[in-house]
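Below you'll find the structure, written out as structure tokens, and then a few comments.
Just so it is clear, none of the values below were taken in a lab; they were calculated from the coordinates. Predicted model, so just to flag it, every value in this text is computed and none were measured. Cβ placement follows ideal geometry from the backbone for every residue including glycine, while neighbour counts extend to all protein chains displayed.
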Amino acid sequence: PLPERLDGVGVLAGDPTDEQYGVRFIVDLDGRRYVAEVDREIAAPLRGAGTGDHLWLSGRPSPLRGAPEGWVRSRHLAGRLSVRSLQRGPPAAPWYAAANSVRRTLTAGAASFDDDRRPLYLGMVIGDDRQLSELRQHRFRTAGLNHLTAVSGQNVAFLIAVAAPALSRVGRRSRAVLTLVLLVAMVLVTRADPSVLRAGVMAGLAVLAVSTGRIAPAVRILALTITILLLADPLLVHALGFRLSIAATAGLVVLAGPIESHLPGPAWLRLPLAVTLAAQLATAPLVVGLNGGIS
């Protein structure tokens, strides 16, 4: 049963989002997680706040009705919180503070973009699509490119590729440790998006395998990744992003090779076409259930 009233220090479990009539945020308080929406008149303490920041707040919890079940479960939401008072609390933990600083720097660096392109850039780079217009979201969804507006495994690949020249100058063990640090930083900056979690853990396992001289087939790494993540958070199975990421990766690992071997034409055409077809086939059941069809 939910308590009649809550009063204490909560921790933001996500970045606040501007809504039509106020500001919405998710907060951990007294061992439970709530989704809250406050009027703009009392939302000043949320300005500039990010994941991991603390808030002094009081309010009345209530059951969360009408929200999609998968969304509620994957975010561990216990209910809705009607906030009565709100103040900024103690600073965030150092790792959250560092991640928030990186996000603020990237956001400031994108200030030269117009209001239509800036949220698109931030969505692709750090997964911050809160300001993306409904029209732009509709266009990407209709074209089947909605995944481009969020971070994914490609972001992890880009990060490792950019860092590779510097990492190649150190020893094997130091390179493995620094790569793991970069992966953890990427997960924190992108707010532990399910697809980034999947890619980060897979990359970490691959790095550990290479640094210890082990042979690690991609299928085994994917299976270990699913096992580790679901042991850490079983409710990830309800996150659509997690299921799409797992399905797409499984398609690349299992189907891309056989499809390429049966396609005609030169190798430079067969491989990218096989990769595309493998990911589309593997995610098709989920995409049909979500959108009612395939782009």
Task: Inter-part distance where segment 61-102 and segment 110-187 are each reduced to a Cα centre, Å - done: 23
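Could you list the trypsin sites (Lys or Arg not before Pro) in segment 1-65 that lie in coil according to DSSP, counting only those with at most 11 other Cβ atoms within 10 Å of their Cβ? Don't skip to the answer; put the middle values down first.
On the way: sites: Arg5, Arg24, Arg32, Arg33, Arg40, Arg47, Arg65; in loops: Arg5, Arg47, Arg65.
Passing sites in segment 1-65 are Arg5, Arg47, Arg65.
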Open item on the list: Residues of segment 53-72 with backbone nitrogen within less than 18 Å of a virtual label 7 Å along the Cα-to-Cβ line of Asp7, please, listed as ranges.
Closed with: 55-62
Task: Most fluctuating residue given options Leu132, Leu167, Leu180, as computed from a GNM of the chain linking Cα atoms under 10 Å - done: Leu167
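Summing -39500 (n - 2.57) over the DSSP H runs of n ≥ 4 in the chain and dividing by its residue number, what mean residue ellipticity at 222 nm do you reach, to the nearest 500 deg cm²/dmol?
On the way: 11 runs with 153 residues, N = 295.
Value at 222 nm, helices only, nearest 500: -16500 deg cm²/dmol.
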Task: Angle in degrees between helix 240-254 and the longest Cα principal axis of the chain, rounded to the nearest 10 - done: 10
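From the Cα trace of the chain, what convex hull volume per residue do you get, rounded to a whole Å³? Spell out each step's value before the answer.
Working: hull volume 49.7 nm³, N = 295.
Expressed per residue, the convex hull around the Cα atoms of the chain is 168 Å³.
Excluding Val288 itself, calculate the net charge of residues whose Cβ lies under 15 Å from the Cβ of Val288, where each Lys or Arg counts +1 and each Asp or Glu counts -1. Mind dumping the intermediate values first?
Working: positive: Arg141, Arg243; negative: none.
Here the count lands on +2.
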Open item on the list: Cut-off 10 angstrom, C-alpha nodes, Gaussian network model of the chain. Which of Ala216, Ala256, Ala111 fluctuates the most?
Closed with: Ala111
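Viscosity 1.306 mPa s, temperature 10 °C: give me the Stokes-Einstein translational D for segment 1-139 in µm²/s, with Rh taken as the Kirkwood radius over C-alpha pairs. Intermediate results must be reported in sequence, preceding the final value.
Details: Rh = 16.1 Å.
Reported coefficient: 99 µm²/s.
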TODO: With a point put 7 Å past each Cα toward its Cβ, work out how far Arg117 is from Val288 in nm, to one decimal.
DONE: 3.9
Task: Cα gyration tensor category, rounded, prolate or oblate, for segment 99-159 with a/c compared to 1.5 - done: oblate
- [ ] Enumerate by residue number the chymotrypsin sites (Phe, Trp or Tyr not before Pro) in segment 88-130 meeting two conditions: DSSP loop (anything except H, G, I, E, B), and at most 15 other Cβ atoms within 10 Å of the site's Cβ.
- [x] Phe113
Task: Computed magnitude of the charge dipole of the chain (debye, nearest 20; Cβ of K, R +1, Cβ of D, E -1) - done: 700
Open item on the list: I want to verify a result. In a Gaussian network model of the chain, Cα cutoff 10 Å, which of these has the top mean-square fluctuation: Ile42, Ile126, Ile226?
Closed with: Ile42
TODO: Could you tell me which of rounded, prolate or oblate describes segment 203-295, using a ≥ b ≥ c as the square roots of the eigenvalues of the alpha-carbon gyration tensor, with rounded for a/c under 1.5 and, failing that, prolate when a/b is larger than b/c and oblate otherwise?
DONE: oblate
TODO: Please determine, in degrees from 0 to 90 and to the nearest 10, the orientation of helix 218-232 with respect to the longest principal axis defined by the Cα atoms of the chain, where the helix direction is its Cα long axis.
DONE: 20
Open item on the list: To test your reading of the geometry: what angle, between 0 and 90 degrees and rounded to tens, separates the Cα axis of helix 153-167 from the longest principal axis of the chain?
Closed with: 70
Open item on the list: How far apart, in nanometres, would the label points at Leu240 and Val184 be if each is projected 7 angstrom from Cα along the Cα-to-Cβ direction?
Closed with: 3.3
Task: the chain, relative contact order in percent, only Cα pairs under 8 angstrom and at least six apart counted - done: 13
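Using only alpha carbon positions, build the gyration tensor of segment 29-74, then give the equivalent ellipsoid semi-axes as the square roots of 5 times its eigenvalues, largest first, whole angstrom.
Details: eigenvalues 93, 35, 30 Å².
Over the Cα atoms of segment 29-74, the ellipsoid semi-axes are 22, 13, 12 Å.
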